[in-house]
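Here is the structure we will look at, set down as structure tokens.
Just so you know, all these numbers are worked out from the coordinates, no wet-lab data involved. Every value quoted in this text rests on a predicted model; they were computed, and no experiment measured them. Here the Cβ positions follow ideal geometry from the backbone for every residue, glycine too, while neighbour counts run over all protein chains shown.
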Amino acid sequence: MTKIKVLPLIAAGFALASSSALISAPELGQTRATLKEWVELKKLVSEEKSRWTVEKQTLNESIDLLTQEIEKLDEQIVSMQEEADAAQLERQSLNNEDDELRAASAVVKQIATDLESQVIGLVDYFPESLKDKLKLLTERIPKNAKAADSVGLSTRLQYVIGILSEIEKFNKQITVEETMQQIGDSDVAVKTLYIGLAVAYYVDGTRTQAGILRPAKGGWEKERRDEMAEQIATAIGVYEREETAQFVNLPINVN
């Protein structure tokens with residue numbers, strides 16, 4: 001009895017299992033597809049996560065590099081600004097120096113002009129021999145402002161210094177020259193002894209006509225002093241070493 005009952009139950013169980021298997025087959029396929037998609041999605045997410053990790057690291061490194069570059073640029077900008085400020089100060093200083101130099105140059109130009117005028121005025125008081133020596137320099141002194149600008153300040157000062165040097169040289173020494181002096185109605189050959197630019201004495205070859213010369217504009221003023229002929233001739237002879245060294249008294253009156 002019992003065995004007869006069990007067999008039908010087993011058969012019924014197999015029947016039910018077969019029926020259940022037939023009904024769930026589509027769902028199992030769907031489940032497998034879904035599982036496969038999930039696996040693929042998880043794989044994709046993992047790959048994206050890995051790629052993002054790498055890209056994030058790269059981006060962080062790029063950000064660090066860019067930050068360093070920005071800091072360097074900021075430092076360069078600060079340095080350039082400091083250099084620009086220093087250059088501006090230097091430029092301002094140079095402009096100030098230029099203004100000072102221009103002002104000083106204007107003063108020196110005026111001084112040069114005054115000196116040139118004074119030197120040209122003095123030339124009229126010089127002996128002819130000194131005038132001849134200074135002729136080349138005095139002719140180069142500019143006669144007007146346009147000529148002065150074309151010559152240049154340094155050159156003008158060199159001319160003035162050259163003239164003053166020659167004047168000082170002549171004024172510090174005794175000079176003997178053979179010249180012609182108008183005595184009476186005729187020109188007479190005389191020797192003239194210049195004591196710098198203070199005074200001069202002349203005497204003719206016969207020691208009969210003599211006199212004193214004093215500076216004056218347009219030519220030295222002559223004072224006839226024939227009684228001094230021997231004294232003047234002796235003084236000239238001593239200077240030229242034609243006579244024994246000795247003291248010679250000569251009158252001098254410097255205004």
State the Kirkwood hydrodynamic radius of the stretch 12-163 in Å, one decimal place, computed from all pairs of distinct Cα atoms. 26.0 Å
Label point at residue 151 placed 7 Å out along Cα→Cβ; residues across the stretch 159-203 whose backbone nitrogen lies under 14 Å: 159-164
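What is the percent of Cα-Cα separations in the stretch 123-225 that go past 19 Å? Write down the numbers at each step before the final one.
Numbers: 2646 of 5253 pairs.
Result: 50 percent of Cα pairs exceed 19 Å.
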Can you tell me the length gained on complete extension of the stretch residue 198 to residue 242, counting 0.36 nm per residue apart and subtracting the Cα distance? 13.4 nm
With contacts defined as alpha carbon pairs under 8 Å and 6 or more residues apart, what's the relative contact order of the stretch 32-162 in percent? 20 percent
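Note down the net charge around residue 229, summing +1 for each Lys or Arg and -1 for each Asp or Glu among other residues with Cβ under 13 Å from its Cβ. Walk me through the numbers on the way to the answer.
Values: positive: 191, 207, 224, 225; negative: 204, 226, 227, 230.
Net of charged neighbours comes to 0.
Can you work out the FRET efficiency for the pair residue 173 and residue 100, with r the C-beta to C-beta distance and R0 = 41 Å, to the nearest 0.05? All intermediate terms of the calculation are to be shown ahead of the outcome.
Details: r = 41 Å, r/R0 = 1.01.
FRET efficiency, residue 173 to residue 100: 0.50.
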Run the paramagnetic zone check for residue 224: 7 angstrom along Cα to Cβ, then residues of the stretch 171-210 with backbone nitrogen under 18 Å. 180-191, 201-210
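Taking 0.36 nm per intervening residue step and subtracting the Cα-Cα distance, what contour gain separates residue 117 from residue 69 on full extension? Kindly include the intermediate steps, with their values, before the conclusion.
Numbers: separation 48, 0.36 × 48 = 17.28 nm, distance 6.90 nm.
My answer for the length gained is 10.4 nm.
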Can you give the Rg/Rh ratio of the chain, where Rg is from the C-alpha atoms and Rh is the Kirkwood radius? 2.02
Given a cut-off of 27 Å, name the pairs among 143/222; 131/172; 36/56; 133/217; 191/217; 131/222 whose C-alpha atoms lie farther apart than that in the structure shown. 143/222; 36/56
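Suppose a student asked you for the relative contact order of the chain, using Cα pairs under 8 Å spaced at least 6 residues apart; what percent would you report? Can you show the working numbers first?
Values: 190 pairs, mean separation 24.7, N = 255.
In percent, rounded to a whole number, it is 10.
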